[in-house]
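Take a look at the structure below.
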Amino acid sequence: MRAIVIGAGHNGLIASYYLRKTGFDVIIFDNRLGGMTDTTVIKGVKISRASYVLGLMPRKFVEEFEIPVIQQDPVQTIWLEDRVIPFWRDREKRIKELVNAGEDKFPEFEEKITKFKELLERKFTFVTTPPSEKEVREEAKKIGVEDVMRPSKEFLSKYLSEDLHYSFIYPGMENSPGYLVSYFYNDWSFVKGGMGTVAENIYEKAKKIGVDLINEKIDKILVENDKAVGVKVKDKVYKADVILSTASPAETMRLAEYDHKFFLHKPGWVKYNVILREIPKVCERIKGFLNSIIDFEGGEVVIPSVLDDNRGGVVMEFMGNYDEVMERFKGEILHVDKLNAKNAEEIYNLPAGDLNHLPMREPYLFDGRPEKGWGYKTPINNLYLGGAGTYPGGQVSGIPGYNSARLIILDKLGRDLIT
Ligand SMILES: Cc1cc2nc3c(=O)[nH]c(=O)nc-3n(C[C@H](O)[C@H](O)[C@H](O)COP(=O)(O)OP(=O)(O)OC[C@H]3O[C@@H](n4cnc5c(N)ncnc54)[C@H](O)[C@@H]3O)c2cc1C
């Protein structure tokens, strides 16, 4: 049975690997390996051009694909006007630090989030049908953590000072369930050689078992009598028994000439990858924490070269305000690479430049992602979806890719990937 996978981002690669492992002939189409999980070399220096830290990928995949993570400690450092708060990897140490910093209710916050995350992991991660918000809420209630499902801002206000909130939730998500706070609250790590190593390692394993990658973008998904039957690349047609697209849902439905409206707007994010002569100079208070993810109101900054000597030079990667960051992190600049929603749209084949393919808020949460009633399928028979625009959502996790492959295996072979 032949499966065509559209997109060689990390989700497409993970899906291909598991499809091949269960016996499908798999061809992936993409004109770039890794999608937004890539390492780009500029002036001999390896930069993680888009995504820069790994935190949502289940241990199962980190181990299976031998991802070389670098576990910096502290994980993250919040740099406020009057306080510097390191988030240590060790839970007890972290709690003690936060309480000492005056965050008396942090232990309760950690307990709630931890229990909620365990619930997600146990019941709502490896699924073939996304859960509804109501199902998650009811299960959360059973274990006493229903307030995580309150609007993020309200949930955070209950436990943490307001000047810390920006570090726990992205703008525009404040009124969505605190589920999103838990989604992003993780033991983030660096990856040796940059994020491209994630994609390369998965690809190497997939290639070894026979997955083919064709270095082309597809022009059209061929549909006959409401059934996807193949793809067209330039003048060539490739037939398939099943098609899995990990391109964004908007791009997928456009390729299938299926009229469906997604609410997309061009987000305002900017990512800078700055190559410096040497590790930047910072004020005394933050000097000891340059190995971690540094969060201040002007941006989120990482200097992976502090820990990773595979980068070929000094790179500082950040999302935020360029002037404010460079004011605090001083040094001789050799090169600046700027990525925003506009150029990412072109570089990563990404409609509207949404780094999660669809916004991470209503109506695109839980079983509303990418559309109520779709899950990992589309209204077109044989056309499945498995990228960041499906449940549970964006970031480098591999979960959508795995879940969609699992559903295809169930539908087509009648057996389950999880034993
Ligand atoms: C600036 C920035 C910073 C980020 N930071 C982080 C971070 O630190 N940590 C984190 O976890 N996440 C981060 N993210 C988000 C994360 O990178 C993405 O959500 C994730 O990589 C999406 O993976 P994917 O495989 O689902 O999709 P993608 O990586 O988008 O892959 C989809 C692939 O489909 C291909 N495609 C599209 N159309 C076609 C076509 N017609 N034919 C063939 N192929 C096609 C594309 O070329 C692409 O390679 C960041 C993203 C950006 C842009």
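The values are calculated or read from the model by the stated rules, or taken from the named source; none is laboratory data. Values in this document were obtained by computation on a predicted structure and should not be read as measured data. All Cβ positions, even for glycine, are placed from backbone atoms using ideal geometry, and neighbour counts span all protein chains on display.
Which pairs have Cβ atoms under 7 Å, sit 6 or more apart or on different chains, and link a residue in the range 58-71 that is over 14 Å from residue 196 (Cβ atoms) to one that is basic (Lys, Arg)?
So the pair list comes out as 70/192; 71/89.
So if I check each of 279, 286, which one is not polar (S, T, N, Q) and not in a loop (DSSP other than H, G, I, E, B)?
Only one candidate passes the filter, namely 286.
Give me the residue from the range 27-75 that is charged (D, E, K, R), buried (at least 20 other Cβ atoms within 10 Å of the Cβ) and within 30 Å of residue 234 (Cα to Cα) and, out of that set, nearest to the ligand (Cβ to nearest atom).
If we take residues in the range 27-75 being charged (D, E, K, R), buried (at least 20 other Cβ atoms within 10 Å of the Cβ) and within 30 Å of residue 234 (Cα to Cα), then 30 is nearest to the ligand (Cβ to nearest atom).
Return the residues of the range 234-250 that are touching a residue at least 60 places away in the same chain (Cβ under 8 Å) and more than 18 Å from residue 382 (Cβ to Cβ); say none if nothing qualifies.
248, 250 - these are the residues of the range 234-250 that are touching a residue at least 60 places away in the same chain (Cβ under 8 Å) and more than 18 Å from residue 382 (Cβ to Cβ).
If you check 198, 191, which single one turns out to be under 22 Å from residue 348 (Cβ atoms), buried (at least 17 other Cβ atoms within 10 Å of the Cβ), touching a residue at least 60 places away in the same chain (Cβ under 8 Å) and touching a Phe, Trp or Tyr at 6+ places or on another chain (Cβ under 8 Å)?
198
Under the condition of being exposed (fewer than 12 other Cβ atoms within 10 Å of the Cβ) and touching a residue at least 12 places away in the same chain (Cβ under 8 Å), which residue from the range 211-226 is farthest from residue 408 (Cα to Cα)?
Selected residue: 215.
Quickly run through the range 154-169 and pick out the residues that are under 22 Å from the mean Cα position of the chain (by Cα) and either buried (at least 19 other Cβ atoms within 10 Å of the Cβ) or modelled with pLDDT of 95 or more (or both).
167, 168, 169, listed by residue number.
Name the residues in the range 317-364 that are more than 20 Å from residue 263 (Cβ to Cβ), of a type outside the set (Asp, Glu), more than 11 Å from the ligand (Cβ to nearest atom) and outside any strand (DSSP E or B), would you?
Hits for the range 317-364 are 321, 322, 325, 326, 328, 329, 331.
Based on what the data block shows, is residue 114 in a loop (DSSP other than H, G, I, E, B) and either touching a residue at least 40 places away in the same chain (Cβ under 8 Å) or surrounded by fewer than 18 Cβ atoms within 10 Å (Cβ to Cβ) (or both)?
Values: in a loop (DSSP other than H, G, I, E, B): no; either touching a residue at least 40 places away in the same chain (Cβ under 8 Å) or surrounded by fewer than 18 Cβ atoms within 10 Å (Cβ to Cβ) (or both): yes.
The answer is no for residue 114.
When both residues are 6+ apart or on different chains and their Cβ atoms are under 9 Å apart, which pairs have a first residue that lies in the range 134-148 and is more than 13 Å from residue 122 (Cβ to Cβ), and a second that is of a type in the set (Gly, Ala, Ser) and surrounded by 16 or more Cβ atoms within 10 Å (Cβ to Cβ)?
These pairs meet every condition: 146/140; 147/140; 147/178; 148/140; 148/178; 148/182.
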